[in-house]
1. Under the condition of being of a type in the set (D, E, K, R) and over 13 Å from the mean Cα position of the chain (by Cα), which residue from the range 35-65 is surrounded by the fewest Cβ atoms within 10 Å (Cβ to Cβ)?
2. Under 8 Å by Cβ, and 6 or more places apart or on different chains, what pairs join a residue from the range 52-65 that is over 14 Å from I12 (Cα atoms) with one that is surrounded by 12 or more Cβ atoms within 10 Å (Cβ to Cβ) and modelled with pLDDT of 85 or more?
3. For the range 6-39, which residues satisfy the criterion of being small (G, A, S) and in contact (Cβ under 8 Å) with a residue 24 or more places away in the chain?
Amino acid sequence: MKSHSNATPGLIMKSTEVAHYLRVNQGTLYKLIRRGHIPAFKVGCDYRFDRNAIEGLMTNRQAKG
């Protein structure tokens, strides 16, 4: 059996965590996902987000003004 002990915890975020981080409601987050503005992937029926991609997205938007 493969061990996951070397996995970095917290790099994958749930939609509730991302909505809180971005300070938007869940409905707005799902609109942004559908429009392709927020990178996400599905696990079953739920969306998951790469923390580095979300932080990079925020950094790029802040740099653009």
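1. Looking only at the range 35-65, we keep the residues that are of a type in the set (D, E, K, R), and these are 35, 42, 46, 48, 50-51, 55, 61, 64.
Going one step further and asking which of them are over 13 Å from the mean Cα position of the chain (by Cα), we end up with 35, 61, 64.
On the way: R35: 8, R61: 10, K64: 6.
Across the range 35-65, the extreme among qualifying residues is K64.
2. Every condition considered, the pairs that remain are L57/I38; L57/P39; M58/L22.
3. Initial filter on the range 6-39 (small (G, A, S)): 7, 10, 15, 19, 27, 36.
Passing the criteria: G10, S15.
The values are calculated or read from the model by the stated rules, or taken from the named source; none is laboratory data. Since the model is a prediction, treat every value here as computed from it, not as a measurement. FYI the Cβ positions are ideal-geometry reconstructions off the backbone, even for glycines, and counts take in every protein chain you see.
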